[in-house]
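Notes for the one structure printed next.
The values are calculated or read from the model by the stated rules, or taken from the named source; none is laboratory data. Computed from a predicted model, the values in this text were never measured in an experiment. Cβ placement follows ideal geometry from the backbone for every residue including glycine, while neighbour counts extend to all protein chains displayed. The area values use the complete protein model at the heavy-atom level, side chains included, leaving out ligands, DNA and RNA. Shrake-Rupley method; radii C 1.70, N 1.55, O 1.52, S 1.80 Å.
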Amino acid sequence: MEHKKAQPTHIWWSLFVGLAASGLSMALAQESTAPDDGLWYKNSIIYNLEVGTFKDSDGDGIGDFQGLIQKLGYLDSLGVDVIWLAPFNPSPGNDDGYDVKDYYTINPKFGTMDDFDLFMAEAKKRGMKVISDVVLNHTSIEHPWYEEARRSPDSRYRRWYVWSADLPDDADKGMVFPGVQRTTWSYDSIAGLYYFHRFYPFQPDLNYTNPEVQQEAFKILRFWLEQGMDGYRLDAVPFIIDVPETGSETPQRMMQLVPTMRNIMRDAKHDALMLGEANLSPQENKDYFGEDNNGMQMMFNFYVNQFLFYALATQELRLFIKAIEDTKEKPSTAQWAHFLRNHDEIDLDRLGERRREEVYAKFGPDTSMQLYGRGIRRRLAPMLGDPKQLRMAYSLLYALPGTPVIRYGEEIGMGDDLSLKERLAVRTPMQWSGAPHGGFTSADTPFRNVISHGLYGYQQVNVMQQLTDSTSLLNHIKRLIRTRKACPEIGLADFEIIPANSKYIFAVRYDYGDKSLLTIHNFSDKPQAFRLEHRLLADNQLTDLFSGQPVPVEDDQLKLDGYGYGWYRLK
Ligand code: NOJ
C-alpha cells in the first residue's frame, strides 16, 4: 500500500512557530482562526446536525436541504465554521441513516441533488466548510450489494460481506448495542449462511479484507469530495479495519487502511479532513493518528469525555485531569475533537461499574435514561439541571485543548424525549420559535415530534426567544465562540495544567509566541478562593477576556463563584 511523506504543512508549521517566536504571529492568528494551510480543523467550530430534524421547507414534516439553506444565516451568526452533516444517503432509516442503501446520492426525502449542490454553494459563500458522516463499515441489509450477495453464491458481491456456514462460538461477543442487539452473527435464510454484523442485524459488515471493497470505499470517499465535501467523520473506524475472523473481541486490525484512506482523500482534496469516530484508549489512539501526518488528523476524545462526565457528576477532578494528560501526546498536525453531548448515548464504559453508577445516580437515575448498560441517553441541559453548571461546562468545552464540536439544539439547551427509542431521545427536531412544532415544520404531523411540554418544550426553549435575551444560553455560547476564536492558541499551542490548591479547580495555561492564556473552571457548586502553583502568575497581570478588565490577584489568590469560570490573558 502506498505511503506518502509529510506534506508542506510541516514547513508551514515550522514557519509559523518561527513567526510566533518573533512576536508577529498573534496578530496574524487573531485575524484568522482557520489558516488555509491544511490545519484549518485545529481552530474551527464544528456544528453537527441532521438534515431531517433541522428545518422543513416544504411542509412534508421532514427537514430538508432547502430548510437548511434558510438557516445558514443563523449558523453563520453563531460562529460556526464547519457543518458536520449526519448521514444523508438513501436509507431505510432503521439506524437514523447509518444504514445506507446507496452511497452515491442523497435521500430524496431531504431534496434533490440540486438542492444539495445549492446548499454546498451557499455554505461556501459564507466561508463555511462542510463535512459529513461516511458509513463505510456496513451497508443497509437492503443495499443492492447485499441483496445480490445473499441470493447468488457466484456473485462478486458475495465476497463483499462476511459469512460463516456455522454459528461462530463468539457470536454473543463484541456487540456494540448490548441489551438491544443479541448477536454479531445472524442467519440469512436466503444465503443459507450466517453473516457478520458489528451493529444491528440490518447492518451487515462489509469485508475489508477484499480489495474490491476497499476500492469501492475509496471511490465513495472521492465522490463526495468531488461534490465539494471538505472531509468526513469516518464512522466506526475500528470496525472497518478489523478482521472479524480473528475474533470479535480482540480482532486483528488492518491498520494500513487508515493511511491509505487518508492518501486517497488527500489526492482528491489536499486539505480534506478525516475525523475518526473511535472510542479507544490513549495508547490505541496513537496508532490512528499515525506519524508524519499520515493518519487521522482528528479524533473524538471519547476518553476525556467519560471522565469529564464523572467530574461533572462528582466534582472530583483527578481522573479527568489524568485523562487530559494521558491524551496530551500526539503528532503536531493531529487534533482532538472535544464534545459534551453528541447524537449517541454518553458512553461511560471506561469508568468501571462503581464510578458509572455514581454518574447514573446524578445524571441518569431512572433506568429509562440509561442505555446499553454503559451510557446515558439524555441531552446536556436536562441532565445537568443547574444552569450555572451548564454554562461552566460549555465554557470548559471551548477552553479544552482541541477543536470544539457542538450538536444542534445544545446551544439553546434543548431537552430529550425519553419516550423515543434508544438514542432517538436526543434527536428531536430543532426548536426555532414558539410557533406550532417549534417552527420546525408547517406540517400537521412532523415525522418525529418536537418536544412540546414541560420545561424544555419549544414554547419555553427556542432560538427566537433566546436571540432577544442577552442573558440566554444561546448568547452565552455565542460569546464563548467569539472568545474562542480570539484565542487560536487553544487549537494550536501546547498546554500545561496548572495545579491549584483547591481540588475543584481546573486551570490550563496556553503559551503561544509571546502571548499566554489562562482558563480556569470551578467544578464545585461553592465559591472557591485558591492559589495556582505557578511561577509566572505572581508577576503577571490578568485580564479577563470577557469583560476586558484587569483581575485583582490578592495575596496570590484568585476567586471564582460556584461553577464559575474565567478566561484570562497573562501579561
Ligand atoms: C456510530 C454512530 O455514531 C451511531 O449513531 C451508529 O449507530 C453507529 N456508528 C453505526 O453506524
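In a DSSP loop and with at most 14 other Cβ atoms within 10 Å, the GluC sites (Glu not before Pro) in region 241-287 are Glu249. Electrostatic bookkeeping for Tyr512 treats Lys and Arg as +1 and Asp and Glu as -1; over the other residues with beta carbon under 10 Å from its beta carbon, the sum is -3. Averaged over residues, the count of other Cβ atoms within 10 Å places the peptides 219-232, 398-411 in the sequence 398-411, 219-232, highest first. Legend: residues His437, His338, sorted from most to least accessible area (1.4 Å probe; ligands, DNA and RNA excluded), read His437, His338. Could you work out the pair-distance distribution P(r) of region 494-570 from its alpha-carbon pairs, with 5 angstrom bin width and percents rounded to whole numbers? Per 5 Å bin, starting at 0, the Cα pair percentages come out as 3, 16, 29, 29, 17, 5, 1, 0. With an 8 Å cut-off on Cα pairs and a minimum separation of 6 or more residues, tell me the relative contact order of region 494-570 in percent. Over region 494-570, the number comes to 34 percent.
Averaging the Cα positions of each part gives two centres, and for region 53-89 and region 546-571 these lie 38 Å apart.
Summarising the strand pairing of the chain, around 60 percent of its internal DSSP beta bridges are antiparallel.
Set against the 2.2 N^0.38 Å expectation for a compact globular protein, the chain has a Cα radius of gyration ratio of 0.96. Under 14 Å from the Cα of Lys328, which aspartates and glutamates turn up, not counting those fewer than eight places away in the same chain? The qualifying aspartates and glutamates are Glu284, Asp494, Glu496. Between the alpha-carbon centers of region 245-293 and region 392-460, tell me the distance in whole angstrom. Cα centres, region 245-293 to region 392-460: 32 Å. The relative contact order of region 152-262, computed from alpha carbon pairs under 8 Å that lie at least 6 residues apart in sequence, is 22 percent. Shown for region 144-196: the carbon plus sulfur share of the solvent-accessible area, taken with all protein chains present and a 1.4 angstrom probe, equals 48%. Only helices enter the 222 nm calculation for the chain: every DSSP H run of n ≥ 4 contributes -39,500 (n - 2.57), and dividing by all residues gives -8500 deg cm²/dmol, rounded to 500. Considering only Gln214, Trp336, Leu348, and ranking their Cα positions along the charge dipole of region 213-372 that arises from unit charges at the beta-carbon of Lys, Arg, Asp and Glu, the one farthest toward the positive end is Trp336.
Scalar couplings 3J(HN,Hα) for region 273-284, obtained by applying the Karplus form with A = 6.51, B = -1.76, C = 1.60 to θ = phi - 60°, are 9, 10, 10, x, 9, 7, 8, 10, 7, x, 5, 5 Hz; x denotes Gly and Pro. Solvent exposure of region 144-196 amounts to 52 Å² per residue of accessible area, where only protein heavy atoms count and the probe is 1.4 Å. For Lys124, a cut-off of 17 angstrom between C-alpha atoms picks up these lysines, skipping any fewer than 8 places away in its own chain: Lys71, Lys269. Among the GluC sites (Glu not before Pro) within region 77-182, those in coil by DSSP and having at most 16 neighbouring Cβ atoms inside 10 Å are Glu142. Derived scalar couplings between HN and Hα for region 423-435 equal 7, 4, 3, 9, 10, 6, x, 4, 9, 8, 7, x, 5 Hz in order, rounded to whole Hz, by the Karplus curve 6.51 cos²θ - 1.76 cosθ + 1.60 (θ = phi - 60°), x for Gly and Pro. Among residues other than Ile69 with Cβ under 13 Å from its Cβ, the summed charge is -3 (Lys and Arg +1, Asp and Glu -1).
Summarising the amide proton neighbourhood of Leu371: residues at separation of 5 or more, or on other chains, whose placed amide H is nearer than 5 Å comprise Ile376, Arg377. Once C-alpha pairs closer than 8 Å and six or more residues apart are averaged by separation and normalised to the residue number of region 396-533, the relative contact order reads 18 percent.
For Leu558, the shell of other residues with beta-carbons less than 14 Å away shows a net charge of -3, using +1 for Lys and Arg and -1 for Asp and Glu. A probe of 1.4 angstrom, applied to the heavy atoms of all protein chains, finds Thr367 with accessible area near 110 square angstrom. As a calculated quantity, the FRET efficiency between Ser547 and Arg354 at R0 = 56 Å, using C-beta atoms, amounts to about 0.85.
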